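The values are calculated or read from the model by the stated rules, or taken from the named source; none is laboratory data. Here the structure is a predicted model, which means the values were calculated and not measured. With ideal geometry, Cβ positions are generated from the backbone for all residues, glycine too; neighbour counts draw on all protein chains shown. Heads up: the accessible areas ignore ligands, DNA and RNA and are worked out on the full protein's heavy atoms, side chains in. Shrake-Rupley method; radii C 1.70, N 1.55, O 1.52, S 1.80 Å.
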Amino acid sequence: MASVVAVSPLLVRRYPKSGVTTLPSWVTELVGVPSEAPKEVSGALSVQTVQRSEFMLVSVRVADAVSMESADFSSNTTEAYELVFDSLNQHRGFNLIRVWNFIPRILDPLGQIPQRYFAFNAGRFAAYERAYATKDAFPRMVATASGIGNFGSDLMVHGLASSNPSLPVENPRQVPAYRYSEKYGPLPPCFSRATRVETSRGTWLLVGGTASVRGEESKHDDDLEAQTAETLVNLAALVAVAESGSCEAESSMDERSRLLGRFRHLRVYHRRREDRAFIEKRLPCEFPGATTIEVSMADLCRSPLLIEIEGLAEL
């Protein structure tokens with residue numbers, strides 16, 4: 001259970017190192033808690049769904065994925081995503097808008113593959129290509145996502161869907177992830193930077209895992225302060241694009257503060273335990289409109305990265 005470290009007007013929650021497979025609290029509040037136990041599908045896979053009004057959550061577990069060889073890990077990842085899509089197909093009108101991937105030992109080598117994350121990406125890419133018939137549809141269809149390491153043995157894939165119109169949003173400061181070069185694996189990560197979705201509560205921007213990346217390159221190795229600053233610029237750019245379709249190359253501090261002020265809920269992943277104090281002191285000042293910031297220690301998808309931030313903004 002998370003421990004509360006600051007209360008009102010901003011709630012900051014800490015998550016233990018072992019608790020990184022939990023969804024952000026705003027998601028649970030949005031869809032509720034499943035009333036039925038997970039359904040075993042085949043082999044290591046099980047699926048659980050919950051729906052409330054215009055939102056639906058599909059959660060798939062791949063048991064003991066950490067012990068699988070690369071080919072099995074990739075194929076089980078594909079099956080996990082296909083279970084998400086199959087579940088949504090049974091509820092007409094729901095479209096995938098946000099995915100959380102909690103990947104066991106994400107940076108560990110897997111056979112001849114340098115990182116387990118690369119094997120995951122191969123499986124995810126195959127699933128999206130099957131679901132949308134062609135990768136040419138990715139810019140119009142692919143949901144935003146986070147890919148975070150977990151310290152257990154299972155692979156967890158959580159897909160949030162909506163019955164309302166939605167649209168992927170990209171950051172002009174970054175190469176779309178599904179167009180990365182082979183430097184980041186034989187098949188690229190498959191996600192958009194954010195998803196704009198119309199809801200009964202207003203227009204939301206769901207922002208996936210955002211880090212110190214420009215183009216496709218990681219920036220500011222081993223410099224937490226500089227990585228945090230770069231990440232904040234990327235987050236502001238996404239809000240600007242969602243608002244107006246473009247963003248200024250260099251926005252003023254006041255404009256950046258206004259854009260970051262759109263965020264209501266945030267989750268921060270950090271790699272080093274000693275960085276928590278800096279994060280908890282710095283970020284509440286950067287997000288004046290946030291009501292919740294959750295902080296969790298986790299491995300990230302690239303070893304140079306020290307911090308990654310995701311969230312929900314109101315436009």
Across region 175-201, which residue is most open to solvent (accessible area, probe 1.4 Å) among those that are touching a strand residue (DSSP E or B) at 6+ places or on another chain (Cβ under 6 Å) and not in a loop (DSSP other than H, G, I, E, B)?
196
Filtered residue count, region 167-186, keeping only those that are in contact (Cβ under 8 Å) with a residue 60 or more places away in the chain and in contact with a Gly (Cβ under 9 Å, 6 or more places away or on another chain)
2
Identify, please: which residue in region 220-258 is among the small types (Gly, Ala, Ser), closer than 22 Å to residue 308 by Cβ and in contact (Cβ under 8 Å) with a residue 40 or more places away in the chain and is, among those, surrounded by the most Cβ atoms within 10 Å (Cβ to Cβ)?
237
Residue 159 open to solvent by less than 50 Å² (accessible area, probe 1.4 Å), under 25 Å from residue 113 (Cα atoms) and either touching a Lys or Arg at 6+ places or on another chain (Cβ under 7 Å) or in a strand (DSSP E or B) (or both):
no
Quick one: is residue 310 part of a strand (DSSP E or B) and under 19 Å from residue 168 (Cβ atoms)?
yes
Answer with yes or no whether residue 138 is without any contact (Cβ under 8 Å) to a residue 60 or more places away in the chain and in contact with a helix residue (DSSP H, G or I) (Cβ under 8 Å, 6 or more places away or on another chain).
yes
Count, please, the residues in region 248-289 that happen to be assigned to a loop (DSSP other than H, G, I, E, B), in contact with a helix residue (DSSP H, G or I) (Cβ under 7 Å, 6 or more places away or on another chain) and under 17 Å from residue 210 (Cα atoms).
2
List the helices (runs of 4 or more DSSP H) that sit entirely inside region 47-146 and contain at least 2 residues that are open to solvent by less than 50 Å² (accessible area, probe 1.4 Å) and hydroxyl-bearing (Ser, Thr, Tyr).
70-89, 116-132
